[in-house]
């Protein structure tokens, strides 16, 4: 297997010698032999070869199946960054959540499949305004679970623990067999003499104890909810005037206050693998807290998988962005679309599945058919050599010419990419592929890369190849700017075909 730092790289490196870093895409060109020990996602395949994507390691480094070093480790939920590595990790986590938020808006749009892209376009337009924060599980809980927390604060459950201790004679209420045996062993002829000078005997005493299983679960939920609240607040600093921001902020304060009170009462924190008791199943408030805790635990666990496959999530985001860019053209008419299957849990970073092509558009004025081919199967030799898993296939209905293909690369790395350099290198690959024999018309390409808060667009040419690189984000002005540049690029490609 050979490793590739960029999809358009003209040079590959030996797996035993190369070490991936935060500036690289984790790609490999390998034979398609089944390797059960290698954790990877297959992007493209051709005959006996396949393009593989390797996951980001949770700890930031790995030795197998490829060597990885210097990547940020996945930050804990609610981490307040102090070191430069923690800041890098928290920023990457925030970008990941913004991308996932745009993808998850498909779930709501699927309620009306006939108007899927229109509803998704409206949701993405709203995301351009950072003062309107996204919905999240912790936002829902801040509204639904808060009444249960206030209810439990008034009637937190306690039990009476029976212990043996030296008790003044006038306060003795109960003695058991062990207490009686202690009594008869003491010197003296009667109870007063056996009680000694301080007039105390061993007896049963009852004390209030709050460290019950249900209160430990309550305490564990408060801590986890506080962490999720803090993370959400940090990622939506520009939404301080919104209702959702104030709701989560108040909920975070409530969770921290109740957590301190439980600590003072001596309540410990439950482990995630506890078995619910009668109170957790039958008491409505405790049951609601236990269910909310379970949902946050599952979300925390899912973060590991989403962190590992951020590149796949980014590709799905770009697929939606390109489709919406075509949908927004004035002359565009959607004539066919594949059904989308929404998955409750992400599989290798993917939240939805679809057939191919994803969507087919008719451009009425240009008389062109444009197909969005995401994650294609049965690719040609030139498509495999281009290493792009998103393509536009443009067919001119006015002539019998061969359909033109346009590769869309969706690279992902932890460090920000330089649009000029990447566009120049990709243009060299397009030029090289144009000179190869085959039934493909390839003139330009598109790179969609994370902007890291700085929108950027660059165009580079090499021989007969032209590539445009667009840096965009999944929220705010960089999303708005990126969508505009993407729409302009698509419009330019159409005009060139129509000329």
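The values are calculated or read from the model by the stated rules, or taken from the named source; none is laboratory data. Just so it is clear, the model here is predicted, and its values are computed rather than measured. Neighbour counts are summed over all protein chains in view; Cβ atoms, including those assigned to glycine, are modelled from backbone coordinates with ideal geometry.
Just one residue in the set 147, 133 is under 30 Å from residue 108 (Cα atoms) and surrounded by 15 or more Cβ atoms within 10 Å (Cβ to Cβ); that residue is 133.
Quick grid of which residues meet (1) assigned to a strand (DSSP E or B); (2) in the same structural domain as residue 386 (by TED's automatic domain parsing); (3) more than 21 Å from the chain's Cα centre (by Cα):
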residue	(1), (2), (3)
8	no, no, yes
11	no, no, yes
24	no, no, no
43	yes, no, no
57	no, no, no
60	no, no, no
82	no, no, yes
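If you go through the range 235-273 and keep only what is farther than 30 Å from residue 131 by Cβ and in a loop (DSSP other than H, G, I, E, B), you end up with 265, 266, 267, 268, 269, 270, 271, 272, 273.
The set of residues from the range 420-478 being within 35 Å of the chain's Cα centre (by Cα) and free of Cβ contacts under 8 Å to residues at least 24 places away in the same chain comprises just one member, 421.
Just one of (1) touching a strand residue (DSSP E or B) at 6+ places or on another chain (Cβ under 8 Å); (2) surrounded by fewer than 16 Cβ atoms within 10 Å (Cβ to Cβ) fails for residue 66. It is (2). Test of understanding: among 402, 341, 382, which residue is at pLDDT below 95 and either part of a loop (DSSP other than H, G, I, E, B) or assigned by TED's automatic domain parsing to the domain that holds residue 6 (or both)? Result of the check over 402, 341, 382: 402.
Scanning the range 92-117 for residues that are outside any loop (DSSP other than H, G, I, E, B) and without any contact (Cβ under 8 Å) to a residue 60 or more places away in the chain gives 105, 108, 109, 114, 115.
Note on the range 232-248: among residues that are within 18 Å of residue 143 (Cβ to Cβ) and within 19 Å of the chain's Cα centre (by Cα), the one that is surrounded by the fewest Cβ atoms within 10 Å (Cβ to Cβ) is 233. For the range 126-196, the helices (runs of 4 or more DSSP H) that sit wholly inside it and include 1 or more residues that are closer than 30 Å to residue 214 by Cα and touching a residue at least 60 places away in the same chain (Cβ under 8 Å) are 137-144, 146-154. Only one of the numbered conditions (1) within 25 Å of residue 255 (Cβ to Cβ); (2) in contact with a strand residue (DSSP E or B) (Cβ under 9 Å, 6 or more places away or on another chain); (3) free of Cβ contacts under 8 Å to residues at least 40 places away in the same chain is not met by residue 54, and that is (1). Being outside the structural domain of residue 51 (by TED's automatic domain parsing), touching a residue at least 12 places away in the same chain (Cβ under 8 Å), more than 28 Å from residue 272 (Cβ to Cβ) and not in a helix (DSSP H, G or I) is a description that applies to residue 360. Within the range 13-22, being part of a loop (DSSP other than H, G, I, E, B) and touching a strand residue (DSSP E or B) at 6+ places or on another chain (Cβ under 7 Å) holds for 15, 18.
Okay, residues lined up against (1) at pLDDT 95 or above; (2) touching a helix residue (DSSP H, G or I) at 6+ places or on another chain (Cβ under 7 Å); (3) closer than 21 Å to residue 146 by Cα:
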position: 206; (1), (2), (3): no, no, no
position: 218; (1), (2), (3): yes, yes, yes
position: 222; (1), (2), (3): yes, yes, yes
position: 237; (1), (2), (3): no, no, no
position: 275; (1), (2), (3): no, no, no
position: 278; (1), (2), (3): no, no, no
position: 282; (1), (2), (3): no, no, yes
position: 290; (1), (2), (3): yes, yes, yes
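Taken over the range 198-222, the criterion of being touching a residue at least 60 places away in the same chain (Cβ under 8 Å) and outside any helix (DSSP H, G or I) is satisfied by 212 alone.
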